[in-house]
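Heads up, the thing below is written out as structure tokens.
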Amino acid sequence: MTLIPWEPPLAGTEVEHLVGALERLRTTFRFKADELDAAGMQARIGASTLTIGGLLKHLAANEDYMFKVKLRGEPMGEPWTVNGWSDDNDWELNSAVDDTPEQLYAWWDGAVERSRATLEAAIADGGLDQPAHITWPDGRHASLRRLVCDLVEEYGRHTGHADLIRESIDGRVGEDPPDGWHPVGAKTSQPA
């Protein structure tokens, strides 16, 4: 039996299961978003304003926000320092129409790479029970476990959105990428 790198363990530790669930959702989302041109990035279903490009940018921002701001109390950095969140809570979702597929893939891939490194270091440094920087109004700190669970929830919601949008673009369906799949990025042309 071949092990699939994004498949969570069948009987692992809590850390292995939480991180494994997050990795599987990240991989499935990236597979749904892969190999799209600008038209594919901007495709919508019905009255919804969600696009795969918007979801890539939104989840990239969430990755940086979760592990830089909420966990460590650090600023998000580029490309998020110049943004429109002050007037638009959905800025990253709405502004993605102005970004190239290459930019969107690079932002998501880069944010996930940073998050993986930060999460791995944080787990090694204090485990899932360690308090995060973010506090609730009553002064309580969220745990790292809570942040990982929140990100799993965020990916679960948006991977479902991406699944529907992608199927409407070119029929790509399936729960997991095929064996041997690796992210490619933007296509120069979209199938008719």
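Readers should treat all values here as calculations from the given coordinates under stated rules, not as data from a laboratory. As the structure is a computational prediction, the values presented were derived from the model and not from experiment. Note that each Cβ is placed from the backbone with ideal geometry, even for glycine, and that neighbours are counted across all protein chains shown.
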Which three extents, in angstrom, do the Cα atoms of region 109-164 have along their principal axes, listed largest first?
39, 27, 15
Alpha-carbon Rg with Dmax, taken over region 46-87, Å
12.1, 39
To the nearest 20 debye, what charge dipole does region 142-192 have about its Cα centre, counting +1 at the Cβ of each Lys and Arg and -1 at the Cβ of each Asp and Glu?
180 debye
How big, on average over all directions, is the shadow cast by the Cα convex hull of region 52-145, in nm²?
6.5 nm²
Under the Kirkwood approximation for Rh and a Cα-based Rg, what ratio Rg/Rh is obtained for region 27-102?
0.99
Relative contact order of the chain, please, whole-number percent, based on alpha carbon pairs below 8 angstrom and at least 6 residues apart.
35 percent
For the chain, give the magnitude of the charge dipole about the Cα centre (Cβ charges: +1 Lys/Arg, -1 Asp/Glu; no others), in debye to the nearest 20.
180 debye
Can you compute the modelled spin-label distance between Thr100 and Ile45, with each label point 7 Å from Cα toward Cβ, in nm?
3.0 nm
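Which value, in debye to the nearest 20, gives the size of the charge dipole of region 63-112 about its Cα centre, when Lys and Arg are +1 and Asp and Glu are -1 at the Cβ? Kindly include the intermediate steps, with their values, before the conclusion.
On the way: 3 positive and 12 negative charges, 69 e Å.
Roughly 340 debye, rounded to the nearest 20.
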Would you be so kind as to identify which of Leu36, Pro79, Gly46 lies farthest towards the positive end of the dipole of the chain, taking Lys and Arg as +1 and Asp and Glu as -1 on Cβ and the Cα centre as origin?
Gly46
P(r) of region 136-192 over all Cα-Cα pairs, 5 Å bins starting at 0, rounded to whole percent, reads 4, 13, 13, 20, 16, 10, 8, 6, 6, 3, 1
Given the candidates Val97, Trp108, Gln130, the one whose Cα lies deepest towards the positive end of the charge dipole of region 80-130, counting +1 at each Lys or Arg C-beta and -1 at each Asp or Glu C-beta, is Gln130
Helical segments meeting 24 Å axial Cα length and Kyte-Doolittle -0.5 threshold in the chain (DSSP H)
14-33, 101-126, 144-170
Give me the one-decimal nm value for the distance between modelled label points at Trp136 and Ser168, 7 Å along each residue's Cα-to-Cβ direction.
3.7 nm
